Amino acid sequence: MFPNSSSLGRPPFPPKYQQQSTFFTKLPLNIPPTLLSHQQIIVPPLNFRNAAGNTEATPAVTPVVTLQPMTYGSVSPVSRSDALTSFQGRKRQSQQRIPDDAKRQRIHSHDSDTAVVNQAVPLPEERRRSFPAPVSVQSPVLRARGSPALIGCVPPLQDTFFPDPAEIRLPVANDELSQQVLELFQACRQQASDLDRKELCRTELQREIQLIFPQSRLFLVGSSLNGFGTRTSDGDLCLVVKEQPVSNLKHTQLKQSLVNQKTEARRILSLVQKLFSTKLCNYIERPQLIRAKVPIVKFRDKVNVDFDLNVNNVIGIRNTFLLRTYAFIENRVRPLVLVVKKWASFHEINDASRGTLSSYTLVLMVLHYLQTLPEPILPSLQKNYPECFDPTMQLHLVHQAPRTIPPYISKNGSSLGDLLIGFFKYYATDFDWSHQMISVREAKAIARPDGTEWRNKFICVEEPFDGTNTARAVHEKQKYDMIRGEFAQAWRLLQDKKNLNCILPLKAAKQKR
């Protein structure tokens with residue numbers, strides 16, 4: 001598969017009887033895998049003997065925020081399937097530790113938010129880390145293979161950080177439109193097996209790239225990890241060649257990439273593309289270097305997952321976990337976002353490369369709408385929990401912040417159908433496109449700043465961390481008019497018929513997934 005992979009000399013994806021994964025080896029059995037990001041791998045402190053024969057333990061990081069029990073609402077109950085045979089084991093009791101060599105149990109959800117064992121892609125032998133560890137933490141786990149510069153593991157999580165699976169529910173749908181929204185979400189949302197495939201590729205690519213850039217780390221970011229992905233979502237990867245210390249950076253400096261995107265990033269990506277085209281040509285298909293303002297390498301792996309790889313897009317890493325927190329603190333958020341993205345794609349207004357709205361911008365528009373209701377469904381996480389989303393936080397700590405935030409309890413009991421109609425009404429009639437800017441950071445519409453980033457722009461949506469305009473791709477009046485027209489038409493049709501098929505053919509949408 002990969003030249004330096006543990007799978008060398010074996011088929012990339014072994015038959016069922018060989019599909020043994022160690023990912024769940026350290027996973028507390030009462031944690032839903034959907035809430036447990038693949039970035040947030042659970043690794044209890046491991047003891048190793050050093051050269052002198054003394055025992056050393058891998059350090060753990062203590063969260064700075066007092067933790068509270070929390071209940072996320074958008075994941076279905078997790079239970080053990082009686083059909084599982086490869087992952088049978090003893091159920092963990094409260095406060096009980098299971099020896100490392102004990103049998104493990106793979107968690108399975110009947111609502112398909114988690115992986116089906118027979119469909120899951122097996123993982124490499126070592127623990128997988130889609131959120132790489134800080135390079136300063138030493139661990140013998142990775143000494144034997146790959147670069148010794150990438151060492152350590154994500155600090156262990158505590159069981160109390162996550163809710164009881166029995167308390168996790170999808171929204172209740174009592175009307176036809178709400179039921180349609182929920183059914184589309186259940187049919188099209190990304191499965192854990194989809195994420196497994198992306199994570200397997202990330203793990204192996206990181207090992208290969210470290211042979212060129214020893215201190216580099218490869219992060220899985222974007223919709224694959226932020227909770228808003230679908231079955232067909234591409235995998236977004238961010239290569240951090242060397243993290244720059246941020247303690248002395250000014251906020252304005254954070255708007256700039258850690259490498260010059262026009263020179264250094266292209267040089268780095270050129271080397272990566274060459275690696276993919278030569279050494280990894282048996283696994284990576286059609287690697288292309290796109291020399292855009294923010295250059296990327298586009299490629300596909302042999303299991304037909306498309307990837308985009310960029311260099312040092314640190315803001316993208318931070319945004320992944322900000323959006324992931326919004327996705328899970330209220331159980332109506334993810335279904336609503338998925339339907340809006342499907343609607344926009346069907347009406348061809350969801351493609352920044354063609355001068356319309358990016359999926360990221362659409363997510364921010366939905367979050368903003370839910371924040372601006374008379375009874376808000378979402379708060380401003382950056383205002384309420386500034387310490388959790390500090391733009392100067394070291395990257396290896398970013399994934400820990402969302403675990404400390406309790407669920408948001410809203411007094412707004414609107415159904416998914418009512419919220420969808422309200423979303424289109426807000427942007428069709430209420431929002432002032434000419435003078436206002438969408439701000440999730442402030443949880444309200446604010447006046448447009450007087451700067452070149454915003455002057456003469458048709459749509460202004462503030463990026464939560466660096467303050468840039470995520471809708472800058474909409475630079476033609478024709479495309480702007482088309483976008484606004486689609487919002488207005490969707491509102492009129494839904495308000496009249498209250499049937500999702502009138503704006504989005506559900507059969508075709510479910511088939512496309």
Segment 402-450: trypsin sites (Lys or Arg not before Pro) in DSSP loop, at most 13 other beta carbons within 10 Å: LYS411
TRP433, TRP491, reordered so the largest accessible area comes first (probe 1.4 Å): TRP491, TRP433
Flagged links, alpha-carbon separation over 24 Å, of LYS425/LYS479; LYS444/LYS497; LYS302/LYS507; LYS425/LYS477: LYS444/LYS497; LYS302/LYS507
Total formal charge among the other residues, if their Cβ is under 9 angstrom from that of ALA473, Lys/Arg +1 and Asp/Glu -1: +2
Cα extents of segment 314-371 along the three principal axes, largest first (Å): 31, 28, 15
Estimated distance in nm for a label pair at CYS281 and MET393, the labels positioned 7 Å out from Cα along Cα-to-Cβ: 4.4
Cα principal axis extents for segment 190-329, largest first, Å: 43, 40, 26
Sequence-separation-based contact order of segment 190-329, relative, with Cα cut under 8 Å and 6+ spacing, percent: 28
Environment charge of ALA173, counting only residues whose C-beta is closer than 12 Å and scoring Lys/Arg +1, Asp/Glu -1: -2
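The values are calculated or read from the model by the stated rules, or taken from the named source; none is laboratory data. In this text the structure is predicted, and so the values were computed from the model without any measurement. Counting neighbours? That spans all protein chains shown, and the Cβs are built from the backbone with ideal geometry, glycine included. For accessibility, only protein heavy atoms count, side chains too; no ligands or nucleic acids. Shrake-Rupley method; radii C 1.70, N 1.55, O 1.52, S 1.80 Å.
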